[in-house]
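First comes the structure, then the notes that go with it.
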Amino acid sequence: MKKYVIGVDLGGTNIRAGLVLGSKLIKKVEVKTEPNKGKNAVIKNLIKAISSVMTKDVAGIGIGSPGPLDYKKGLIIITKNIPLKKVNLKKVLEKKFRVPVFVDNDANCFTLGEALYDSGKKHDCVIGLTIGTGVGGGIVINKKIFHGRMNAGELGHTSINFNGIKCNCGNIGCLEEYVSARGIMRLAKALRAKTPLDVYNLALKGNKKAISVFEKMGFYLGVGLTNFVNIFDPDIIVIGGKISNAWKFFSKNMKKTIKEKAYVNKNPIIVKSKLKYAAILGAASLVKK
């Protein structure tokens with residue numbers, strides 16, 4: 001019986017691939033995605049990353065990719081940050097590596113990793129949110145990804161202000177426009193900051209305007225999470241992504257807003273992700289041995 005699986009987190013900046021045995025990450029590599037060089041370069045880099053951790057006795061490969069996508073066919077429908085529109089990753093990679101390949105949304109993989117191996121492992125209904133350049137979401141019920149008809153879990157593109165900011169997706173007032181990197185920079189216009197990390201470092205130094213940026217972001221995030229709580233009544237919500245590092249500055253307002261607005265008997269547990277490679281482990285667990 002083949003023991004190992006490979007999990008891949010395909011991001012707009014980096015591709016992270018890992019050789020996984022059970023719940024353990026045995027070997028990991030990180031390769032630049034280089035989306036500016038086009039489709040063929042991205043596929044070449046993806047193959048390079050997988051090849052770097054490939055060994056004999058690999059049962060299959062799981063890929064966490066931005067979407068929307070057709071997870072049954074392994075077909076990417078649209079990606080904003082990576083030039084892989086209409087690319088069938090399953091076919092491409094099965095032809096190259098001669099093992100079964102499974103593809104799912106990257107935030108779904110993050111949430112599945114958390115549900116199986118860390119904060120959500122004792123819970124039946126887990127919602128995951130990844131906050132960075134954009135906002136990804138995943139829903140895992142009884143240790144299985146909830147897909148709806150195909151692409152459930154696009155939580156970053158639920159509207160929290162129907163008179164609000166136009167999102168990259170074309171919708172108005174998406175949560176992503178208020179809590180992602182660009183949302184934070186919009187709130188930080190009065191600061192001498194070029195990136196969310198700059199704003200975070202200012203907050204760490206006690207800059208009141210920087211702290212206020214994250215407090216406002218926490219309110220907006222709380223509004224969005226209130227909707228998810230009212231719809232799914234989850235056991236736990238796990239928040240990851242680079243912006244989650246500012247947890248100490250936004251979490252109080254986030255939780256306060258949910259407490260005030262959620263229409264449930266008991267609010268769920270809400271935690272910052274501690275599992276460093278949740279998306280890789282979740283992607284690896286897509287492989288059906």
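Values quoted throughout were computed directly from the atomic coordinates according to the rules given, and no laboratory measurement underlies them. It should be emphasised that the depicted structure is a prediction, and the values quoted were computed from it without experimental measurement. Please note: Cβ atoms are built from the backbone with ideal geometry, for glycine as well, and neighbour counts cover all protein chains shown.
Near residue 85, which aspartates and glutamates are there with a Cα under 16 Å away, not counting those fewer than 8 places off in the same chain?
Here the aspartates and glutamates satisfying the reach criterion relative to residue 85 are 34, 70, 104, 106.
How much length would be gained if the chain were fully extended between residue 37 and residue 13, taking 0.36 nm per residue of separation minus their Cα-Cα distance, in nm to one decimal? Walk me through the intermediate numbers first.
On the way: separation 24, 0.36 × 24 = 8.64 nm, distance 1.21 nm.
Between residue 37 and residue 13, full extension yields 7.4 nm more.
When the C-alpha atoms of the chain are aligned to their principal axes, what extent does each axis show, in angstrom, from largest down?
Here the spans come out as 54, 43, 35 Å, largest first.
Out of the DSSP beta bridges found with both residues in the chain, what percent are antiparallel (nearest 5)?
60
Could you tell me which of the pairs 44/274; 24/56; 37/86; 2/28; 28/194 are separated by over 23 angstrom between their Cα atoms in the structure shown? Walk me through the numbers before you get to the answer.
On the way: 44/274 31 Å; 24/56 17 Å; 37/86 17 Å; 2/28 19 Å; 28/194 31 Å.
Check vs 23 Å cut-off fails for 44/274; 28/194.
Calculate, for residue 24 and residue 94, the FRET efficiency according to 1/(1 + (r/R0)^6) with r their C-beta to C-beta distance and R0 35 Å; round to the nearest 0.05.
Values: r = 25 Å, r/R0 = 0.72.
My answer for the efficiency is 0.90.
What full-extension length gain, to one decimal in nm, is calculated for residue 159 and residue 72 as 0.36 nm per residue of separation minus the Cα-Cα distance? Spell out each step's value before the answer.
Working: separation 87, 0.36 × 87 = 31.32 nm, distance 2.76 nm.
So the chain would gain 28.6 nm between residue 159 and residue 72.
Run the helix sum for the chain: -39,500 (n - 2.57) per DSSP H stretch of 4+ residues, divided by residue count, reported at 222 nm to the nearest 500 deg cm²/dmol. Walk me through the intermediate numbers first.
Numbers: 9 runs with 103 residues, N = 289.
Calculated at 222 nm, the ellipticity per residue is -11000 deg cm²/dmol.
Listing 55, 257 from the residue with the fewest other Cβ atoms within 10 Å to the one with the most, what is the order?
Values: 55 11, 257 19.
Lowest to highest Cβ neighbour count: 55, 257.
Which value in nm describes the separation of the simple spin-label points at residue 56 and residue 141, placed 7 Å from the Cα toward the beta carbon?
The answer from the label model is 4.4 nm.
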